[in-house]
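Novice: This is the structure I want to talk about, given as structure tokens.
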Amino acid sequence: MKLLEVENLVTELGEGENWLRAVDNISLTVEAGQTYCLVGESGSGKSVTALSIMGLLPHGHYRHPDGHIQLTDPQGQLPDIALLNADDETLRSVRGSRVAMIFQEPMTSLNPVQTIGEQLEEVLLIHRPELDEEARKQKILAALAEVRIPDPEGRIREYPHRLSGGQRQRVMIAMALICEPALLIADEPTTALDVTVQAEILKLMRDLQTKYGMGMLFITHDFGVVAQIADVVGVMRKGKLVESGKTADILRNPQHEYTQSLIAALPERLTRPDRPVKPEKVLLEVKDVSVYFPVRRGLMRRVVDHFRAVENVSLQVNAGEVVALVGESGCGKTTLGRALLRLQEVTSGSIFLEGQDITQVSAKAMRPLRRRMQVVFQDPGSSLNPRLPIHTTLIEPMRVHGIGSSDAERTQIAARFLDRVEMPTDSLWRYPHEFSGGQRQRLAIARALVLEPRFILCDEITSALDVSVQAGILRLLRQLVDEEGIGMLFITHNMGVVDYLADRMVVMHKAQLVESGNTQEIMKSPQNEHTRNLLDAVPRLDDNYLASAI
Amino acid sequence: MTEQVVDIPVKQPSKSWTQQVVSSLLKRTSAKIGLAWIGLLVLIATFSPFLASSHPLYMVVDGQASSPLLQHMEPLDWVWLSGFFITLVISALSIVAWKKILFWIASIAVVSFIAYSSVTPPVLVVYEHYREMEAAGKVDTIIRAPIPYSAKDYLRDYADTGIESPLSVNERTHWMGTDENGADVASRMIHASRIALGIGFIATGIALVIGTIIGGLMGYFSGIVDIIGMRLVEIFEAIPTLFLLLSFVAFFGRSIYMMMVIIGITAWSGYARYVRAEFLKLRQQDFVQAAIASGLPLRSILFRHMLPNGLAPLLVATSFGVASAILAEATLSFLGLGLVDDPSWGQLLNQAVQSSTFNWWLAVFPGGAIFMTVFAYNLLGESLRDAVDPHTNRGMQS
């Protein structure tokens with residue numbers, strides 16, 4: 001039973017004379033009760049495809065030179081509608097009632113000044129004008145119960161900021177499903193969520209789909225999610241659909257080389273190099289470190305309580321070893337990382353760098369020590385100073401720490417490190433905005449490396465990157481650690497990355513360290529309940545999965 | 001790692017952020033209009049002695065050639081002129097921005113010192129002298145400025161009140177009429193453009209420096225520094241600038257420099273708020289954290305990594321600030337508390353309403369000039385805001 005048929009869709013974005021072909025000749029069919037997964041890297045045109053179907057592209061900045069989108073009713077009661085270039089009136093009647101959409105960012109897709117109940121009611125007022133107030137309320141409560149929001153009666157009077165990210169996404173799903181649409185378009189609905197929450201949301205969507213027999217067009221970049229939810233998958237690249245077919249076939253036996261390279265780039269599928277055995281030499285040692293943030297209230301801003309971000313955590317990192325720090329968002333892993341670098345004051349406990357206690361060293365005395373411990377941050381958009389050319393960014397720390405005798409020599413050193421992180425040397429004279437996310441992360445790594453540090457902290461440095469880019473960076477990091485004998489603490493929530501990169505792992509949960517040990521052992525037999533939850537929740541595409549039936 | 005020398009390609013020009021902003025600014029019509037007017041004003045202010053003066057530019061009397069204008073140039077005229085050319089030269093040099101600014105300030109200081117210590121124009125000026133000589137037929141050749149009247153060349157002896165509407169008397173050409181003392185309005189407006197420009201730049205400059213330093217410290221250190229700083233900001237925001245100016249004028253007499261300083265030290269609080277907010281945001285940015293983690297000194301973190309990134313909203317506020325400083329001076333002059341003898345647009349406006357008849361030319365021309373200048377700065381501010389704001393940029397591209 002065909003529900004949505006997209007034929008030869010072409011979408012061009014731009015204005016005036018400049019048009020960029022974002023979607024190039026895509027044809028796909030979503031059937032009732034089936035999930036069609038569009039997968040691809042960022043910029044491949046998957047979101048634009050979804051927005052074209054919904055008619056949500058920015059007015060006046062798009063055009064469709066070719067294509068046809070037909071929405072049919074599986075029951076045959078409602079008329080067929082051609083969605084492409086339909087007028088606003090037609091689109092409005094379809095949106096919400098027959099086709100609904102869920103967006104990526106749960107934090108901003110709900111209106112912060114209206115209660116959950118009001119926002120859900122508005123949808124009903126528009127699409128189900130025949131319902132009276134009591135019926136509407138019953139329907140809202142039922143919808144919230146459906147998406148398993150605890151205490152729906154109380155929740156409808158609350159504002160979005162009182163809900164967690166996962167709960168907001170549930171409300172978004174409730175809003176999308178309240179008029180029982182035949183087709184649900186979900187644009188990376190779980191990307192911004194923690195893995196454990198993602199697992200719950202995916203399960204919920206699956207259940208609701210079976211219950212209502214909806215068709216679903218699911219957009220993601222994550223092959224693990226594809227494996228969990230998709231019946232049919234289409235791989236997109238640069239606006240084109242390079243391969244499509246049954247999920248099991250595509251994942252087990254990809255035909256197109258692009259699909260093959262994407263699957264091979266998944267961290268769990270990367271080939272692991274042999275690691276040289278090294279003598280254990282403690283580089284960084286953390287003993288019972290706690291970080292509390294004071295909670296201030298009232299006129300005098302008295303400290304009424306403490307928020308315990310990190311509590312009594314001990315760990316150690318050896319030279320030439322990668323330790324992964326794993327946990328859900330908000331568990332305190334980033335705070336711990338910042339505390340290690342003395343970017344955040346420690347409430348109690350002590351930190352030793354190569355045997356020297358650096359916990360109480362003054363900011364001034366800390367400066368020369370900073371050369372030995374460096375950091376690479378998560379967001380490639382903000383990790384480099386946008387006003388300075390790469391040359392200045394790399395040279396300045398060297399000059400401060402007295403590396404190289406002249407700027408010419410430092411430029412040579414900088415060029416060598418750019419070479420090391422596989423960037424062209426003419427990057428020196430460019431500005432950060434001229435580079436892609438992956439390139440910027442490489443440059444950020446180069447900035448950390450020019451000081452020849454003993455220890456590098458990597459805070460989720462690959463989580464904003466596409467898998468193939470991530471694969472390149474992971475390989476580079478592993479090489480650096482093995483060849484230079486650097487110690488690395490790698491903060492992440494991606495288990496595939498941990499599996500590939502880390503020698504040992506430590507798991508944090510609610511500010512406390514719950515488990516630590518050898519990566520392979522923990523992966524195989526996690527002792528702690530939270531570790532187990534974390535591992536179970538991760539959609540992975542390893543050999544075991546491929547061997548098992550879908 | 002092997003010691004190898006990597007070939008470093010020659011420096012390739014790559015567009016910096018500043019260049020991007022400037023080029024996107026110059027694409028906007030409103031910015032072009034604003035800049036054109038301000039540029040015109042700068043030219044008029046710089047060359048005002050050559051544009052409007054009773055002193056002939058060149059004169060041959062009894063076979064003797066002389067330039068009374070150059071002899072009568074004030075030290076300030078020389079400072080303006082040389083400042084203009086110094087600015088042109090420095091902007092053509094390819095050195096770092098902060099060095100340019102330092103260099104500029106230093107050269108202006110040197111030039112001012114030389115001008116005020118060496119240039120002494122004659123104290124007694126008799127403008128009538130030239131006209132009498134000309135009438136007596138003693139002058140062989142004479143080249144006059146386009147407007148042959150100085151700002152303080154009062155012609156009140158010619159008529160009862162001295163006030164004349166534009167082009168109403170045949171023997172004298174006053175394009176914009178005269179004021180109640182019989183001085184040429186066009187000439188006074190040309191000379192007053194210096195005050196308008198000067199008060200805008202210097203008052204805003206003072207406010208900017210104080211605001212950036214205090215705001216930067218508040219934003220970077222936060223905590224107790226921030227609390228004290230914000231109270232200071234609130235205290236200064238509670239001071240009504242106009243009343244403070246009025247009382248200072250009452251106590252210490254009228255001085256344009258005092259006005260500049262007072263407007264400057266009461267207007268910094270807004271800039272401090274902007275810089276503080278930017279710094280609070282920037283402090284959490286990864287590249288600033290990375291700079292701290294690299295052990296860079298505080299000076300570098302504050303001025304190299306944070307300030308240039310927090311400058312954008314400040315620039316916008318500055319252009320609006322210049323406009324409001326000009327308005328403050330015009331208001332004061334309009335109230336009759338501005339400068340005594342020196343020309344100012346607000347003072348001309350005041351004369352429009354003071355006499356028994358409504359003298360339209362005294363309202364329209366200076367009023368139009370104030371309006372155009374404030375409007376130009378606001379246009380520039382608006383387009384600057386659009387040029388530095390990534391959201392509006394994206395809106396234009398997509």
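The values are calculated or read from the model by the stated rules, or taken from the named source; none is laboratory data. On a predicted model such as this, the values are computed, not experimentally measured, just so you know. Glycine also receives a Cβ, built like all others from the backbone with ideal geometry; neighbour counts cover every protein chain displayed. Areas reflect the complete protein model, heavy atoms only, side chains present, ligands, DNA and RNA absent. Shrake-Rupley method; radii C 1.70, N 1.55, O 1.52, S 1.80 Å.
Novice: Suppose every K and R has +1 on its Cβ and every D and E has -1 on its Cβ; what is the size of the dipole of the protein assembly as shown about the Cα centre, in Debye to the nearest 20?
Specialist: I would put it at about 2080 debye.
Novice: Expressed in whole Å with the largest first, what are the equivalent ellipsoid semi-axes of the stretch B:170-226 derived from the C-alpha gyration tensor as the square root of 5 times each eigenvalue?
Specialist: Working through the eigenvalues yields semi-axes of 48, 8, 6 Å.
Novice: Report the gain in length on full extension from A:Gln75 to A:Arg157: 0.36 nm times residue separation, minus Cα-Cα distance, nm rounded to one decimal.
Specialist: Details: separation 82, 0.36 × 82 = 29.52 nm, distance 3.61 nm.
Stretched fully, the A:Gln75-A:Arg157 segment lengthens by 25.9 nm.
Novice: Here's something else I'd like to know. Which whole number gives the average count of other chain Cβ atoms within 10 Å of the Cβ atoms across peptide B:292-304?
Specialist: Mean shielding by partner chains, rounded to a whole number: 6.
Novice: Can you work out the Karplus-derived ³J(HN,Hα) for every residue in the stretch A:74-83? Use 6.51 cos²θ - 1.76 cosθ + 1.60 with θ = phi - 60°, whole Hz, and x for glycine or proline.
Specialist: For the stretch A:74-83, the Karplus-derived couplings read x, 6, x, 8, 8, x, 6, 10, 8, 7 Hz, x marking Gly and Pro.
Novice: I need the semi-axes of the equivalent ellipsoid of the stretch B:79-213: take the C-alpha gyration tensor, multiply each eigenvalue by 5, square-root it, list largest first in whole angstrom.
Specialist: Each semi-axis is the square root of five times an eigenvalue, giving 39, 20, 14 Å.
Novice: Given a Förster radius of 60 Å and the C-beta distance between B:Leu244 and B:Ser168 as r, what FRET efficiency does 1/(1 + (r/R0)^6) yield to the nearest 0.05?
Specialist: Computed FRET efficiency for B:Leu244 and B:Ser168 comes out at 0.90.
Novice: Assigning unit charges at the beta carbon (Lys, Arg +1; Asp, Glu -1) and nothing else, what dipole magnitude in debye, to the nearest 20, does the stretch A:242-287 show about its Cα centre? Mind dumping the intermediate values first?
Specialist: Details: 8 positive and 7 negative charges, 53 e Å.
So the magnitude is around 260 debye.
Novice: What residues qualify as long-range amide H neighbours of A:Glu515, i.e. H under 5 Å apart, gap of 5 or more or another chain, H built at 1.01 Å from N?
Specialist: For A:Glu515, the qualifying residues are A:Val507.
Novice: Sticking with this structure for a sec: Students often forget the sequence filter, so: which lysines lie under 17 Å Cα-Cα from A:Lys139 once same-chain residues fewer than 8 apart are removed?
Specialist: Result set, ordered by chain and number: A:Lys211.
Novice: Peptides A:360-372, B:287-299, A:484-496: what's the order by average Cβ count within 10 Å, highest mean first?
Specialist: A:484-496, B:287-299, A:360-372
Novice: Amide H neighbours of A:Lys240 under 5 Å, at least 5 residues apart or on other chains, H built in the peptide plane: list them.
Specialist: Amide H neighbours of A:Lys240, under 5 Å, 5+ apart: A:Asp24.
Novice: OK, next. Need the C-alpha centroid separation for the stretch B:182-225 versus the stretch B:44-114, integer Å.
Specialist: 22
Novice: Take each of the peptides A:303-315, B:207-219, average the number of other beta-carbon atoms within 10 Å over its residues, and list them starting from the highest.
Specialist: B:207-219, A:303-315
Novice: Starting from the Cα coordinates of the stretch A:206-285, work out the convex hull volume and express it per residue in Å³.
Specialist: It comes to 181 Å³ per residue, whole-number rounded.
Novice: Based on the alpha-carbon gyration tensor of the stretch A:244-362 and its eigenvalue square roots a ≥ b ≥ c, which shape applies: rounded if a/c is under 1.5, prolate if not and a/b is larger than b/c, or oblate?
Specialist: On the way: a/c = 4.45, a/b = 1.70, b/c = 2.62.
Oblate.
Novice: Averaged over its residues, how many other protein chain Cβ atoms are within 10 Å of peptide A:376-385's Cβ atoms?
Specialist: Mean partner-chain Cβ count within 10 Å for A:376-385: 5.
Novice: Does the stretch A:155-302 come out rounded, prolate or oblate by the C-alpha gyration tensor, with a ≥ b ≥ c the root eigenvalues, rounded set by a/c under 1.5 and, if not, prolate when a/b is larger than b/c and oblate if not?
Specialist: oblate
Novice: In square nanometres and to one decimal, what's the mean projected area of the convex hull around the Cα atoms of the stretch A:1-86?
Specialist: About 5.9 nm², averaged over all directions.
Novice: So, with a 1.4 angstrom probe, what is the percent of accessible area on chain A that is carbon and sulfur?
Specialist: The computed percentage sits at 47.
Novice: Separate question: Let me know the volume per residue of the alpha-carbon convex hull for the protein assembly as shown, in Å³.
Specialist: Considering the Cα atoms of the protein assembly as shown, their hull volume per residue is 244 Å³.
Novice: I'd like the mean, over residues of A:426-434, of how many other protein chain beta carbons sit within 10 Å of each residue's own Cβ.
Specialist: Numbers: counts 7, 2, 5, 7, 3, 6, 2, 5, 2.
Averaged over the peptide's residues, the number is 4.
Novice: With point charges of +1 on the Cβ of Lys and Arg and -1 on the Cβ of Asp and Glu, referenced to the Cα centre of chain A, which listed residue (A:Pro160, A:Ala176, A:Leu3) lies farthest in the positive direction of the dipole?
Specialist: Result: A:Pro160.
Novice: What quantity of accessible surface, computed with a 1.4 Å probe and excluding non-protein components, is buried in total between chains A and B, in Å² to the nearest 100? Kindly include the intermediate steps, with their values, before the conclusion.
Specialist: Working: alone 25040 and 21920 Å², together 43390 Å².
Using a 1.4 Å probe on protein heavy atoms, the buried area is about 3600 Å².
Novice: Using the alpha-carbon centroid of each, what span in Å lies between the stretch A:488-502 and the stretch A:304-319?
Specialist: 19
Novice: On to the next question. Could you sort A:203-214, B:309-320 so that the peptide with the highest average Cβ count within 10 Å comes first and the rest follow in order?
Specialist: Ranking, from highest mean packing down: B:309-320, A:203-214.
Novice: Okay, next question. Computed from the mean reciprocal separation of all distinct C-alpha pairs, what Kirkwood hydrodynamic radius does the stretch A:431-550 have, in Å?
Specialist: Answer for the stretch A:431-550: a Kirkwood hydrodynamic radius of 16.0 Å.
Novice: For chain A, what does the accessible surface come to per residue with a 1.4 Å probe? Please give it in Å².
Specialist: Per residue, chain A has 42 Å² of solvent-accessible surface.
Novice: If you don't mind, there's one more thing I want to ask. Just going by the charge dipole of chain B, with Lys and Arg at +1 and Asp and Glu at -1 on Cβ, which of B:Ser269, B:Leu35, B:Ala65 is farthest out on the positive end?
Specialist: After comparing all options, I get B:Ser269.
Novice: Using a ≥ b ≥ c from the Cα gyration tensor of the stretch A:107-158 (square roots of the eigenvalues), is it rounded, prolate or oblate, where a/c under 1.5 gives rounded and otherwise the larger of a/b and b/c decides, a/b for prolate? Let's see the in-between values first.
Specialist: Values: a/c = 1.91, a/b = 1.20, b/c = 1.58.
It comes out oblate by the Cα gyration axes.
Novice: With N denoting the number of residues in chain B, provide Rg(C-alpha) divided by 2.2 N^0.38 Å, to two decimal places.
Specialist: On the way: Rg = 25.5 Å, N = 398, 2.2 N^0.38 = 21.4 Å.
After normalising by residue count via 2.2 N^0.38 Å, the value is 1.19.
Novice: Given charges of +1 on the Cβ of Lys and Arg and -1 on the Cβ of Asp and Glu, with all other atoms neutral, how large is the dipole of chain A about its Cα centre, in debye to the nearest 20? It would help to have the intermediate numbers written out before the result.
Specialist: Working: 61 positive and 72 negative charges, 396 e Å.
About 1900 debye.
Novice: Further question on the same structure: Among the aspartates and glutamates, which have Cα under 16 Å from the Cα of A:Lys510 when same-chain residues fewer than 8 positions away are ignored?
Specialist: A:Asp194, A:Asp288, A:Glu311, A:Glu328, A:Glu529
Novice: Next question, about the same structure. Just name one of B:Ser319, A:Ile263, B:Ser91: the one whose Cα is farthest towards the positive end of the charge dipole of the protein assembly as shown (beta-carbon charges, Lys/Arg +1, Asp/Glu -1).
Specialist: After comparing all options, I get B:Ser91.
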